[in-house]
Amino acid sequence: MNHYQILCTFQGNGAIDVYKKQPNTQLSFDDFNQPVGLTMNPENRWVKKAELIPWIDLEEQYASIFQSKTGNVAKSFRMAFGALLIQKEYGYSDEETVLQIQENPYLQFFVGMPGYQEDKPFDASTMVHFRKRLTAEMLNEVNEIILDFHEEEKEEQDDDDSNDDGDSSNKGTLMLDATCAPSYIKYPQDIGLLNDARLHAEKIIDEVCKENNIKKPRTYRRRARKDYLSIAKRKKKSKKIIRKAIRKQLSYVTRDVRYIKEMQKSGIELNEKQTRNFDIIERILEQQQYMYDNKIHRVPERIVSFHQSYLRPIVRGKVKAPTEFGAKLDMSESDGFVRIERLSFDAFNESEDLIPVIKRYRERTGYYPERVLVDQIYRTRDNRNFCKKYHIRLSGPKLGRPKKDDRVDKTIEYKDNRDRIQVERDFSLAKRCHGLGMIRTRLAETTFSTIALAIVSLNLSKIQRNFLRALFDRNFRSFFRASSI
């Protein structure tokens, strides 16, 4: 199934970009024009990482999303993907990423520039367009292309295993687990959300009155701000004080919403941004009023951030953060590499993903896994019956009360628990070193692409580490044989 859904890319000025297809030759280190007086090291990690990526295949996939034949020439895939990968590797801002590429010849080689230059390769604002073009669906396909390229090279090197091609029995281990990629937002509080809604409603009223030359209605904004600060600056807040403050803010927001609706009835139309913000204001007001009237703290599709209204609370039950605010992802791990199996801002039951993930594993490899390592939430009756049908060993104890004569193999149980830690290591590595621990993008689509890019970056680091380890092993064996002679 083709996941590419973007047909053409629009810049901020409304112009359509046209893609100039790159030549069918991959830029090598010898082709890079080095500055006079500088001798670059061909063993640099960014030079080696560039050799591990099939740029030509990825350029062809990237070119397919540009349908227009006229317009500004877009940057190449290597430039876009390379810049985002550098940013993900170091955690730079958009401006700092451009400056680092400008100052570092190795990074310029990695993004596909023909030679070293002192000028900026592109403006920092272009990074936003890169994130919009490289969607999560596209980056998932990029991840598959890179892993397939690596697997083909591995099969060419492992000629001794070619006699097992006809074996259709279960092979390999599949691990599956879910986590949350928290977004960088302030901790949501009802009083804070209502204050944000009030401020944006007052801004809409001011803009509409100025554009249409009408008198501003009385909004009591000074009194509303004073009431908000009186509760926000308190160190200790009782339930009674908080409820009284929420009631006041609800009245202020309700009055502002009524003014805006009266303006709309009089024939005044809001622009696109005002309409979007007003819709968020109404939803926050409706949710907060419902929770206030019913004296509860939960509501379906609860908004936790005004500027990122798509975020939802994800209850994880962890000691450090029982509730996180971001996207929830279900991630699988097989043969040492990870894939995003499901990504959503809404909380979901990850046990529903086990059977589809096993089927996708079979489509990729041609056989079912020998064992599946998961935690307790995946061990439902349907999942157990499916694994039993296809002779897949599902980790963990059986359902129900243990039988009297049932003996548990402690060795297998210990080995499963030990091996399943690998997926937890992947989560930790992705959050500590590849930017999955705190997502700072503001748009929903760029948040998804940032999460998908973190997984691609994690896999590339694993491929590079495996390559260096294999190179060291070959050199060590050659040295040992030479010294023994």
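Only the coordinates and a few stated rules stand behind these numbers; no lab work does. None of these values were measured; they are calculated from a predicted model. Cβ coordinates were reconstructed from backbone atoms using ideal geometry, including for glycine residues, and neighbour counts include every protein chain displayed.
Give the aspartates and glutamates reachable from Lys389 as a straight Cα distance under 14 Å; neighbours fewer than 8 places away on the same chain don't count.
Within reach: Glu370.
Just want to confirm a number: the relative contact order over the chain, from Cα pairs under 8 angstrom separated by 6+ residues, in percent. If you can, show how the numbers build up before the last one.
Working: 590 pairs, mean separation 93.0, N = 485.
Relative contact order for the chain comes out at 19 percent.
Which of rounded, prolate or oblate describes the chain when judged by the alpha-carbon gyration tensor and an a/c cut-off of 1.5?
Verdict is oblate for the chain.
Residue separation times 0.36 nm, minus the C-alpha to C-alpha distance between Glu272 and Lys359: what's the value?
Numbers: separation 87, 0.36 × 87 = 31.32 nm, distance 4.33 nm.
Residue separation times 0.36 nm, minus the Cα-Cα distance, leaves 27.0 nm.
Distance check, please: which entries in Lys171/Lys410; Lys88/Lys318; Lys235/Lys328; Lys244/Lys328 exceed 30 angstrom between their Cα atoms?
Details: Lys171/Lys410 22 Å; Lys88/Lys318 26 Å; Lys235/Lys328 33 Å; Lys244/Lys328 34 Å.
Listed pairs above 30 Å: Lys235/Lys328; Lys244/Lys328.
Counting only helical runs of four or more DSSP H residues, what would the 222 nm mean residue ellipticity of the chain come to if each run contributes -39,500 (n - 2.57) and the total is spread over all its residues?
Result for the chain, helices only: -17000 deg cm²/dmol.
Taking the highest mean first, how do the peptides 392-399, 409-416 order by number of other beta carbon atoms within 10 angstrom per residue?
Numbers: 392-399: 15.4, 409-416: 11.8.
Listed from highest to lowest mean packing, they are 392-399, 409-416.
Around Arg342, which amide H atoms from residues at least 5 apart in sequence, or from another chain, sit under 5 Å from its own amide H, with H modelled in the peptide plane?
Asp330
I'd like the Karplus ³J(HN,Hα) series for segment 39-50: coefficients 6.51, -1.76, 1.60, θ = phi - 60°, whole numbers in Hz, and an x wherever there's a Gly or Pro.
Result, ordered by residue: 10, 7, 8, x, 8, 4, 5, 6, 5, 5, 5, 5 Hz.
Just order 385-391, 353-359 by mean Cβ neighbour count inside 10 Å, highest at the front, would you?
Values: 385-391: 13.0, 353-359: 18.1.
Highest-to-lowest ranking by the protection proxy: 353-359, 385-391.
From the phi angles alone, apply the Karplus equation (6.51, -1.76, 1.60; θ = phi - 60°) to segment 276-291 and give each ³J(HN,Hα) in whole Hz, x where the residue is Gly or Pro.
Rounded to whole hertz, the list is 5, 5, 5, 5, 5, 4, 5, 5, 4, 4, 5, 5, 5, 5, 5, 5.
Taking the Cα atoms only, what angle lies between the long axis of helix 444-484 and the longest principal axis of the chain, rounded to 10 degrees?
Relative to the chain, helix 444-484 is tipped by roughly 20 degrees.
Residue-wise, which Karplus ³J(HN,Hα) couplings in Hz belong to segment 269-275, taking 6.51 cos²θ - 1.76 cosθ + 1.60, θ = phi - 60°, and x for glycine or proline?
9, 8, 6, 5, 5, 5, 5
Quick one: which residues, 5 or more positions from Arg371 or on another chain, have an amide H under 5 Å from its amide H? H modelled 1.01 Å from N in the peptide plane, none for Pro or chain starts.
Answer set, sorted by chain and number: Leu174, Arg393.
Excluding residues fewer than 8 places away in the same chain, name every one of the lysines whose C-alpha is closer than 17 Å to that of Lys248.
Reachable lysines: Lys226, Lys233, Lys237, Lys239, Lys240, Lys295.
What is the angle, in °, between the Cα long axis of helix 410-433 and the longest principal axis of the Cα atoms in the chain? Nearest 10 is fine, range 0 to 90.
Around 60 degrees separate the two axes.
Report the gain in length on full extension from Asn72 to Lys48: 0.36 nm times residue separation, minus Cα-Cα distance, nm rounded to one decimal.
Working: separation 24, 0.36 × 24 = 8.64 nm, distance 3.20 nm.
Result: 5.4 nm gained on full extension.
Taking 0.36 nm per residue of separation and subtracting the Cα-Cα distance, what length does fully extending Asp335 through Thr254 add? Provide the component values of the computation, followed by the final result.
On the way: separation 81, 0.36 × 81 = 29.16 nm, distance 5.62 nm.
That works out to 23.5 nm of additional length.
Relative to the longest principal axis of the chain, what angle (0 to 90°, nearest 10) does the C-alpha long axis of helix 136-157 take?
Around 10 degrees separate the two axes.
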